[in-house]
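The values are calculated or read from the model by the stated rules, or taken from the named source; none is laboratory data. Only a predicted model underlies this, so the values are computations on that prediction, with no experimental measurement involved. Cβ placement follows ideal geometry from the backbone for every residue including glycine, while neighbour counts extend to all protein chains displayed.
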Amino acid sequence: MTLSPVFRSPSAVQLLAEQGVWRRLAPDMVALSEAVRRVYTDFEGLIDERFRTAEPHVPTAAEVTTPEGLHFLQEYFFLILFRSIFGSLGVPEDRLQTYTELNFCIKGTVTAADNLFDDQAKSLLPLADHAGSRFMSILQLMSFERLLRNVLDRAAQSGIVPAEKCAAVQRTLMDRMASIGVLEGSEEGGVHEIPHPDVMVEAVHRVRGGSLFALAFAAPSVLESGSLQEKMAAAERSIAQLGTAFQIVDDLTDFEFDVQRRTHNLLVSQIHHLGSEAEQAALAPLWAGAEVPPGAVESLFRDSARAVLERAYREARSAFAGLAALGHWFDPALADEVVHAIVGLEGVTRMETLAEQAVDAG
């Protein structure tokens, strides 16, 4: 999973709009767009023009409420939310913008690494199209590592960040990313055991999802102190829960892909350990390599899938409740709608079907 959600559920998006969520996030969206433009400017001085292409359009302050602005919000929702949370906790404006630039660089690094694991070619930089998706991902990875250091050096020169702590920020990020990478690397050849769902959530989802989201707090964990550091640590725990929730949702939408690769998947675990005899019998040939029939999650495995979805709801509800306790404005009652809203295109029908089935079953 990356830090790139896509809002595909029209009903959930509309409800969040009616509740004022997009309006409240607008100032942070503008600030992130400024941070992205600044990093793009840094990129111009980093690499020769033959390796660059035209920069993608980044919305202006006047465009945040337009379709262009919504597209930007879709791509960078979590970074925008993180900035909103930091601001509500009292992070000073200059350091807040530094964290915003750093988190964009972290997102780019994670995206490039994810490309290498999943053989994809997503890019957050205006890189010219050259042959080889792996080459492009490696180039993006190297670029963002240097861009992140540029952000730190600029902040140190402005007195926003103590120069002697820049290396500590990078070390903390490296250690955290390496911990996530160890898990990803352990699955490269497929897994042979299916842990119990409770074990899988703690050992896999809180790393792959929770620790991934918590990367946004790596720099504050080094640079903040006193009561603000305590509040940031509490917010980090909530954000880690939110990341766990979305990793669980990813498992529902990526079931077919994960079974084919034999990688960790919570729905597989739920069926294997706690599913009905019929579900377990249906899973066995799939785990052995048989093709997953269309609609299997919503039909053959619907009871276990609803149990997994409910676990995602609980994590998201707890996350937003924790943030509300720290003074953030997001209403925890909307947690389920956020879970519905942030799924890939292929997951919309599945999520909505499972949610409807849960209501009917209740």
Q.
With the requirement that a residue be surrounded by fewer than 19 Cβ atoms within 10 Å (Cβ to Cβ) and either modelled with pLDDT under 95 or touching a Leu at 6+ places or on another chain (Cβ under 9 Å) (or both), what does region 194-210 give you?
A. His196, Ala203
Q. If you take the residues of region 251-293 that are touching a His at 6+ places or on another chain (Cβ under 9 Å) and within 30 Å of Pro332 (Cα to Cα), which of them is modelled with the lowest pLDDT?
A. Asp251
Q.
So for region 300-308 (the condition being of a type in the set (A, V, I, L, M), on the phi < 0 side of the Ramachandran plot and touching a Phe, Trp or Tyr at 6+ places or on another chain (Cβ under 6 Å)), does at least one residue qualify?
A. no
Q. When you look at Phe43, is it at pLDDT below 65 and within 21 Å of His57 (Cβ to Cβ), yes or no?
A. no
(Q) Against the definition (of a type outside the set (Lys, Arg) and crowded, with 20+ Cβ neighbours inside 10 Å), how does Pro220 come out, yes or no? (A) yes
**Q.** Lone qualifier among Ser225, Ser238, Ser186 - being free of Cβ contacts under 8 Å to residues at least 60 places away in the same chain and closer than 27 Å to Gln270 by Cα
**A.** Ser186
**Q.** Test: residue in region 141-158 that is more than 17 Å from Leu46 (Cβ to Cβ) and touching a Cys at 6+ places or on another chain (Cβ under 7 Å)
**A.** yes
Q | Residues satisfying the stated conditions in region 184-206, i.e. within 21 Å of the chain's Cα centre (by Cα) and of a type in the set (A, V, I, L, M, F, W, C) | A | Met200, Val201, Ala203, Val204
Q. Given (1) surrounded by 14 or more Cβ atoms within 10 Å (Cβ to Cβ); (2) at pLDDT below 95; (3) of a type in the set (Ser, Thr, Tyr), where does Thr100 come up short, assuming only one miss?
A. (2)
Q | Every residue from region 118-147 that is in a loop (DSSP other than H, G, I, E, B), more than 15 Å from Phe104 (Cβ to Cβ) and not polar (S, T, N, Q) | A | Asp119, Ala121, Ala128, Asp129, His130, Ala131, Gly132
Q. Condition test on Ala240, is it buried (at least 16 other Cβ atoms within 10 Å of the Cβ), in contact with a helix residue (DSSP H, G or I) (Cβ under 7 Å, 6 or more places away or on another chain) and of a type in the set (Gly, Ala, Ser)?
A. yes
Q: Only residues in region 2-31 that are outside any helix (DSSP H, G or I) and of a type in the set (D, E, K, R) count as the first member; pair them with residues that are surrounded by 19 or more Cβ atoms within 10 Å (Cβ to Cβ) and at pLDDT 90 or above, Cβ under 8 angstrom, at least 6 apart or cross-chain, and list the lot.
A: none
Q | Residues of region 194-222 classified as part of a helix (DSSP H, G or I), within 21 Å of Leu267 (Cβ to Cβ) and aliphatic (A, V, I, L, M), total | A | 7
Q.
Name the residue that is farthest from Asp94 (Cα to Cα), counting only residues in region 155-183 that are touching a residue at least 40 places away in the same chain (Cβ under 8 Å) and over 25 Å from the mean Cα position of the chain (by Cα).
A. Lys165
Q: Only residues in region 306-334 that are among the basic types (Lys, Arg) count as the first member; pair them with residues that are part of a loop (DSSP other than H, G, I, E, B), Cβ under 8 angstrom, at least 6 apart or cross-chain, and list the lot.
A: none
Q | Given (1) closer than 25 Å to Thr98 by Cα; (2) at pLDDT below 95; (3) in a loop (DSSP other than H, G, I, E, B), number of the condition Val191 does not satisfy | A | (1)
Q: Please specify each residue of region 150-188 satisfying the condition of being at pLDDT below 95, in contact with a Lys or Arg (Cβ under 9 Å, 6 or more places away or on another chain) and not in a loop (DSSP other than H, G, I, E, B).
A: Ile180, Leu183, Glu184
(Q) Restricting to region 62-95, count the residues that are closer than 27 Å to Val222 by Cα, of a type in the set (A, V, I, L, M, F, W, C) and surrounded by fewer than 16 Cβ atoms within 10 Å (Cβ to Cβ). (A) 0
